[in-house]
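Have a look at the structure below before the remarks.
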Amino acid sequence: MAVPKKLSFIFASMYLIIIIYILLFLFVPSIQSAIIMSRENLTGITEGSNYFWALLISLGICFLGSASIGFPIPFPFVLFSLSNSIFFRYSDVGLNLNQILLSGIFWGEILGIAFIGGLGCALGELTGYAVGYGTKKIVKERNSDLLNNMDGFGKMVLENKKHTPLYIFLFALTPLPDDILFIPLGMMKYSFWKAIIPGWLGKFGTTLFYCCWPIFVALGFTSQGIQSNSKSSIITEAILLLVTISVMFFIMAFDWAKLIEKRKQKKL
């Protein structure tokens, strides 16, 4: 495993906290009621002039999610909550799912949150790239498993430079912190502007997906004849958060340097 024990402990702690949260929500009625009530009070966060503050929250949390170095910030959870607030607000006025999906104003609000969130991710990528740009010397001077692993990942991405923008775009579509990719790109002195554009496009797709997740959940429940509610939404958010953290841990734990070495040996 390339992930240090301290970072493994952080991921394990996050798993445990989320699982405890789900268990308390499911089996302790008082806690369940408090969480649902707090969620219902959040529906007004995107209403009227508050929508501007929702945009700022989207910008800020996505920036922090991309700018965080080595510590996962689950910004998808916040994007889901903001778009869920918009969806519930339209539901509360008596619109059914089909009417909501045909509303141009509804999609305008959703796209606004996703667009600003993608912009926040793009700005946050500056941090990971800058750190990687200055870390190259440290890699040469210190024998760090994690840094060597990220350096190996960067070499793999840049192995075919013509395809690198495509790799960046596809990687940005995944629910991963950008430093996993942009630190290695900075270490390899890859052109920042060539990286930021496909990275923004990919992250916009990611933020749009998370903003549309409440709609996917509602469509799934509707197809099964089940009415979506606050309880199902909260459980879905927790599961989404677990999946996000799992993918992040896998990428950071995989020995990319060893994979590069094996591929070189095969070519020889």
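The values are calculated or read from the model by the stated rules, or taken from the named source; none is laboratory data. Just so we're clear, the structure is a prediction, and the values are computed from it rather than from any experiment. As a convention, Cβ positions derive from the backbone with ideal geometry for all residues, glycine included, and neighbour counts pool all protein chains shown.
Taking the stretch 50-60 as the range and being touching a helix residue (DSSP H, G or I) at 6+ places or on another chain (Cβ under 6 Å) and either crowded, with 22+ Cβ neighbours inside 10 Å or among the small types (Gly, Ala, Ser) (or both) as the test, the residues that pass are Ala54, Ser58.
Return the total of residues in the stretch 179-194 being surrounded by 24 or more Cβ atoms within 10 Å (Cβ to Cβ) and closer than 17 Å to Leu119 by Cα.
First, pick out the residues of the stretch 179-194 that are surrounded by 24 or more Cβ atoms within 10 Å (Cβ to Cβ): 179, 181-187.
From the residues that got through so far, the ones that are closer than 17 Å to Leu119 by Cα too are 179, 182.
Total satisfying the criteria: 2.
Residues that are modelled with pLDDT under 90 and of a type in the set (Gly, Ala, Ser) number at least 3 in the following helices (runs of 4 or more DSSP H) confined to the stretch 42-153: 50-67, 75-92, 104-141.
Could you please let me know if Pro177 is of a type outside the set (Asp, Glu), modelled with pLDDT of 80 or more and within 30 Å of Ile239 (Cβ to Cβ)?
Values: of a type outside the set (Asp, Glu): yes; modelled with pLDDT of 80 or more: no; within 30 Å of Ile239 (Cβ to Cβ): yes.
Criteria not met by Pro177.
Can you work out which of the residues in the stretch 159-174 that are outside any helix (DSSP H, G or I) and within 12 Å of the chain's Cα centre (by Cα) is modelled with the lowest pLDDT?
Start the filter on the stretch 159-174 by keeping residues that are outside any helix (DSSP H, G or I), which leaves 159-163, 173-174.
Pick out the ones that are also within 12 Å of the chain's Cα centre (by Cα) and you get 173-174.
Values: Leu173: 79, Thr174: 70.
It comes out as Thr174.
Of the residues contained in the stretch 199-219, none is found to be more than 18 Å from Phe75 (Cα to Cα), hydroxyl-bearing (Ser, Thr, Tyr) and either surrounded by 16 or more Cβ atoms within 10 Å (Cβ to Cβ) or modelled with pLDDT of 75 or more (or both).
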